[in-house]
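The values are calculated or read from the model by the stated rules, or taken from the named source; none is laboratory data. Treat the numbers as computed from the prediction; the structure is a model and nothing was measured. Protein only, heavy atoms only, side chains kept; ligands, DNA and RNA dropped before computing areas. Shrake-Rupley method; radii C 1.70, N 1.55, O 1.52, S 1.80 Å.
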Amino acid sequence: MALFIFTKAILEGRPIDVFNYGKMKRDFTYIDDIVEGAIRVIDKIPEPNPKWNSQSPDPATSYTPYKLYNIGNNNPVELMHVIEILENCLGKKAQKNLLPMQSGDAPATYADVDDLIHYKILFTFYDLPVDLLKIVVQGLFQCSIQVKLWFPP
């Protein structure tokens, strides 16, 4: 979401809020990687634990099994680097409101893909050539102007 919010604000000449003074890291994941991860785990049916007891539950198991997968890039990117790439792509400097950390936020987030050992990320944020990213960002913004889908009022 930040990519879209920042892009719109930069193009409109409005400041962006940058929390923790920009000392944040986030995981950016290409949609094809999410699809690939989902395909790889779809046939991995979790096994029930017949010894599971509701009086003394084990949160890692269940009588009625399910499995949550955290599918993502597992390669956090510094927020200031993301802003720098957007500035380069858009040909415009961002006006940054450098703010302290928000309550309840984390300085770094990324997907833990340990359960997906054989899962290989197709692209990382750093793999995207700046020219391609520029085309994507500008295309998203132009599309949003036409359909008002990406940037709600």
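When the listed pairs 23/92; 25/92; 23/67; 25/93 are checked against a 30 Å cut-off, the alpha-carbon distance exceeds it for 23/67. Taking a straight line from the alpha carbon of residue 96, these aspartates and glutamates sit under 16 Å away, with near neighbours fewer than eight places off in the same chain left out: 12, 17, 78, 84, 87. Ordered by 1.4 Å accessible area with all protein chains kept, 56, 62 run largest first as 56, 62. Per-residue extension of 0.36 nm, minus the Cα-Cα distance of residue 102 and residue 19, leaves a gain of 29.2 nm for this segment. Residues whose amide H lies under 5 Å from that of residue 96, counting only those 5 or more places away or on a different chain, are 16; hydrogens are built 1.01 Å from N in the peptide plane. The heavy atoms of residue 14 offer some 100 square angstrom of accessible surface to a 1.4 angstrom probe. Accessible surface of residue 39, taken over heavy atoms with a 1.4 Å probe and every protein chain present, rounds to 100 Å². Protein heavy-atom accessible surface, 1.4 Å probe, per residue over the stretch 1-86: 65 Å². Cross-link reach is defined here as a Cα-Cα straight distance under 17 Å, omitting same-chain residues fewer than 8 places apart; for residue 44 the aspartates and glutamates meeting it are 36, 114, 115.
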